[in-house]
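The values are calculated or read from the model by the stated rules, or taken from the named source; none is laboratory data. Not measured: the values here are computed from a predicted model. When we count neighbours, we look across all protein chains shown, and the Cβ atoms used for this are built from the backbone with ideal geometry, even at glycine.
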Amino acid sequence: MDKFTTLTGIAAPMPLVNIDTDMIIPKQFLKTIHRSGLGKNLFDEMRFFPDGTENPDFVLNKPAYRDAQIIVAGDNFGCGSSREHAPWALLDYGIRCVISTSFADIFYNNCFKNGILPIILPQDAVEALMKDAENGANARLTVDLESQTVTGADGTAYPFEMDPHRKHCLLNGLDDIGLTMEKAPSIEAYEARIAQSQPWV
Amino acid sequence: MTGNPTHSGPRTLYDKIFDAHVVDRQPDGTCLLYIDRHLVHEVTSPQAFVGLRMSGRKVRRPDQTIAVPDHNVPTTPDRVAGIENPEGRIQVAELDKNARDFGVNYYPMNDIRQGIVHIVGPEQGWTLPGMTVVCGDSHTATHGAFGALAHGIGTSEVEHVLATQTLIQKKSKNMKVEITGKLRPGVTAKDITLSIIGHTGTAGGTGYVIEYCGEAIRDLSMEGRMTVCNMAIEGGARAGLIAPDEKTFEYVKGRPHAPKGAAWEAALAWWKTLFSDEGAQWDKVVTIRGEDIEPVVTWGTSPEDVLPIGATVPAPEHFEGGKVEAARRSLDYMGLKPGMKLTDIKVDAVFIGSCTNGRIEDLRAAAEVLRGKHLAPGVRGMVVPGSGLVRMQAEEEGLDKVFLDAGFEWRLAGCSMCLGMNPDQLAPGERCAATSNRNFEGRMGRGGRTHLMSPVMAAAAAVTGHLTDVRELMAAPVDA
Ligand code: SF4
């Protein structure tokens, strides 16, 4: 998993509330054998017309937001199905941070497993950042996980809360696997012991 | 033994295996458990391998990782020409590539040793007593028949095991299921395991690891024990276990990956300590008399919908709570009316195979019933050996001929009809007597109707064209 320390990037505004994981990645794309490659179908049914052409009104299709790395979204982002394909699709597209007033629980957890930082801010802060984001590509937000702040284009810094353990994992790029790998000496010691006592294993 | 024992007093078999594999224990009881064997198939592993690639990780113990495609593979001889379904084809091709790139043990589709992962593991001697065995597949419980702690895991955990050879685990509770006495003729391991689920329900084992014991379990062959443990998951348990004994050692001895020479002796010495101590604590105990178990079938769409073959289809009102509605829905889906005799249910298809009943003994038992007989008119039958080696053995014994003469199709190894991921499927409304383990709606094909039963019961249904008490077909005693 990639570390998350600081990120300065374009923020795309998605003021819609209850953006569910079906919208993020529709079910027909779950048959894949990859976690990667889902980015092209991110928000598929909002992003494309049924004939496959782009909907020019969708935010990520607008020139200013094509390279967005942050989404500022309405309440309850990521609700619905538990599919881990949703964070996989966001990550594959290049989104590393989502800012909202609230997230659905499973989606929130899944983000941390994939190096995506979900930030919860109060309503007024989200509204201010949404306004910033609406300024287009000039509106770059800076997210600093270490100091737990989001800084808008005008220099206003908004502090956010974060569980210390999760923060530690993201800062160091540690998922469960990364954490277990920190215990490599114990695993090696176990293996050495078994190689002696149970060589047939 | 090694490990950090949780108790100093008497321990269950599960306690012993768990304790022996603890790499690290947190104050809250979360443990890092070492995994001895990691079995991998094509459906639940692709994203895990992608995860490894994305993070630049290796498979920690490719020598302890065994991969085989089974779910998607066609079971017709033309499969050498490739898989028609593009998604299935890609999943299998991906497994080929991952196995090669990461250097894990691999049995590709056209290897004679290929087969259902839970049949291949024991057959090749990968599964040994006292081991921890995981696979991204819920029927990993099968391997518990060897006194191995074996259970299914999710794709994230598959990646975790690939990368670290460990799994983050909390201890489950201990449950003992004792089957006392002897089974009656015509009653098999499948009837035991279905009857247990009928007794405890599909959630009865939730939070537990089950140890099956008692005379009737001891009397079972290794094949039968695998059938029993296979369905531990249908009872909701994390795993099912049977203490290893002489039969286990006999089965394991000489298998390609079983220990040899001095290592065998050392292994044997440890394996002989693998039993639940006198006075070990059980959180739940279920006892069933072997004599009380009848040949059973399922009537509904949950594996707990089990009844003796002599019974009638129940009415939804017989049940309580949420089960009333579930039973109504089941009967509707299954196209059955309360009160009708189970033996009046006609079948369109018979499927003999799967990781529950796709081993040589299962084929022998079914062939015994079918010998000299033929499928009832209008019934189609399919026999799918659990592995290429089971198929070969059956052919050496002439069982293929028995099945073919009876009008069955004789297929190549794979999961086949057990789940509709490959071309073998039921048509909507088609009714099947099946030796597999799940009768869920749509499991064997959209709209397909599944009745679970033993191989001999499936063979009996094949001959008569309706659900049948196999004992009626069994050779009558000579002295009348
Ligand atoms: S035979 Fe059926 S239950 Fe067994 S592994 Fe294959 S699909 Fe799963």
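The residue that is farthest from the ligand (Cβ to nearest atom), among those in the range B:155-173 that are modelled with pLDDT under 95 and among the small types (G, A, S), is B:S172.
Just so you know, in the range B:276-308 the residues that are aliphatic (A, V, I, L, M) and part of a loop (DSSP other than H, G, I, E, B) include one that is farthest from the other protein chains (Cβ to nearest Cβ), and it is B:I293. Taking the conditions (1) under 23 Å from the mean Cα position of the chain (by Cα); (2) surrounded by fewer than 23 Cβ atoms within 10 Å (Cβ to Cβ); (3) outside any helix (DSSP H, G or I); (4) more than 16 Å from the ligand (Cβ to nearest atom) in turn, B:G381 satisfies each one other than (2).
Residues considered: A:I33, A:I25. Of these, the only one that is free of Cβ contacts under 8 Å to residues at least 24 places away in the same chain and within 14 Å of chain B (Cβ to nearest Cβ) is A:I33.
Candidates in the range B:97-138 are the residues that are among the aromatic types (F, W, Y) and assigned to a loop (DSSP other than H, G, I, E, B); of these, the one that is farthest from B:G414 (Cα to Cα) is B:W126.
Yes/no matrix, rows are residues, columns are (1) within 14 Å of chain B (Cβ to nearest Cβ); (2) assigned to a loop (DSSP other than H, G, I, E, B); (3) not acidic (D, E):
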{"site": "A:K131", "(1), (2), (3)": "no, no, yes"}
{"site": "A:V143", "(1), (2), (3)": "no, no, yes"}
{"site": "A:E161", "(1), (2), (3)": "no, yes, no"}
{"site": "A:R166", "(1), (2), (3)": "no, no, yes"}
{"site": "A:E191", "(1), (2), (3)": "yes, no, no"}
{"site": "A:V201", "(1), (2), (3)": "yes, yes, yes"}
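Looking only at the range B:397-411, which residues are more than 14 Å from the ligand (Cβ to nearest atom) and either assigned to a loop (DSSP other than H, G, I, E, B) or not assigned by the TED database to the domain that holds B:L452 (or both)? Listed by number, the residues that qualify are B:E397, B:G398, B:A406, B:G407.
Which members of the range B:16-45 meet the condition of being more than 11 Å from chain A (Cβ to nearest Cβ), at pLDDT below 95 and more than 22 Å from B:W282 (Cα to Cα)? Across the range B:16-45, the qualifying residues are B:P27, B:H41. Screening B:M421 against (1) modelled with pLDDT of 95 or more; (2) surrounded by 17 or more Cβ atoms within 10 Å (Cβ to Cβ); (3) farther than 24 Å from B:W299 by Cβ leaves a single unmet condition, (1). Taken together, the criteria exclude B:I233 from residues that are surrounded by 21 or more Cβ atoms within 10 Å (Cβ to Cβ), closer than 20 Å to B:H151 by Cβ and touching a Phe, Trp or Tyr at 6+ places or on another chain (Cβ under 9 Å). Taking the criterion of being away from the ligand (no atom under 14 Å from the Cβ) and either out of contact with any helix residue (DSSP H, G or I) (no Cβ under 9 Å at 6 or more places or on another chain) or part of a strand (DSSP E or B) (or both), the residues of the range B:139-154 that qualify are B:L149, B:G154. Please indicate, with yes or no, whether at least one residue in the range A:76-86 is part of a helix (DSSP H, G or I) and free of Cβ contacts under 8 Å to residues at least 40 places away in the same chain. No, every residue in the range A:76-86 fails to be part of a helix (DSSP H, G or I) and free of Cβ contacts under 8 Å to residues at least 40 places away in the same chain. Say we look at the range B:336-375 and pick out the residues that are basic (K, R) and more than 16 Å from the ligand (Cβ to nearest atom); which of these is surrounded by the fewest Cβ atoms within 10 Å (Cβ to Cβ)? By that ranking, first place goes to B:K337. Scanning the range B:424-442 for residues that are within 15 Å of B:S330 (Cα to Cα), surrounded by fewer than 22 Cβ atoms within 10 Å (Cβ to Cβ) and within 14 Å of the ligand (Cβ to nearest atom) yields B:F440, B:G442. The sole residue among B:V68, B:V43 that is among the hydrophobic types (A, V, I, L, M, F, W, C), more than 24 Å from B:E223 (Cβ to Cβ) and within 14 Å of the ligand (Cβ to nearest atom) is B:V43. The set of residues in the range B:177-220 being assigned to a helix (DSSP H, G or I), among the aliphatic types (A, V, I, L, M) and within 25 Å of B:Q281 (Cα to Cα) consists of B:I192, B:I196, B:I197, B:A216, B:I217. Going by the structure shown, is A:I19 surrounded by 17 or more Cβ atoms within 10 Å (Cβ to Cβ), out of contact with any helix residue (DSSP H, G or I) (no Cβ under 8 Å at 6 or more places or on another chain) and not aromatic (F, W, Y)? It is true that A:I19 is surrounded by 17 or more Cβ atoms within 10 Å (Cβ to Cβ), out of contact with any helix residue (DSSP H, G or I) (no Cβ under 8 Å at 6 or more places or on another chain) and not aromatic (F, W, Y). Among the residues of the range B:155-176, what is the count of those that are touching a residue at least 40 places away in the same chain (Cβ under 8 Å), within 14 Å of another protein chain (Cβ to nearest Cβ) and outside any loop (DSSP other than H, G, I, E, B)? Summing the residues that are touching a residue at least 40 places away in the same chain (Cβ under 8 Å), within 14 Å of another protein chain (Cβ to nearest Cβ) and outside any loop (DSSP other than H, G, I, E, B) in the range B:155-176 gives 12. Hey, any hits in the range B:77-96 for a residue that's in a helix (DSSP H, G or I), within 16 Å of the ligand (Cβ to nearest atom) and of a type in the set (V, I, T)? So far as the range B:77-96 goes, yes, one or more of its residues are in a helix (DSSP H, G or I), within 16 Å of the ligand (Cβ to nearest atom) and of a type in the set (V, I, T).
Taking residues in the range B:438-466 that are among the polar types (S, T, N, Q), and partners anywhere that are in a helix (DSSP H, G or I), the pairs with Cβ atoms closer than 6 Å and at least 6 places apart or on different chains are B:S454/B:K190; B:S454/B:D191. Return yes when B:A460 is in contact with a His (Cβ under 6 Å, 6 or more places away or on another chain) and either acidic (D, E) or buried (at least 23 other Cβ atoms within 10 Å of the Cβ) (or both) and no when it is not. No: the conditions fail for B:A460. Per the listing B:G130, B:G136, the residue uniquely small (G, A, S) and within 16 Å of the ligand (Cβ to nearest atom) is B:G136.
Cβ-Cβ distances below 7 Å connect the following pairs, each with a first residue in the range B:262-275 that is more than 9 Å from chain A (Cβ to nearest Cβ) and farther than 13 Å from B:A243 by Cβ, a second residue that is modelled with pLDDT of 95 or more and surrounded by 13 or more Cβ atoms within 10 Å (Cβ to Cβ), and a separation of six or more residues or different chains: B:L268/B:F249.
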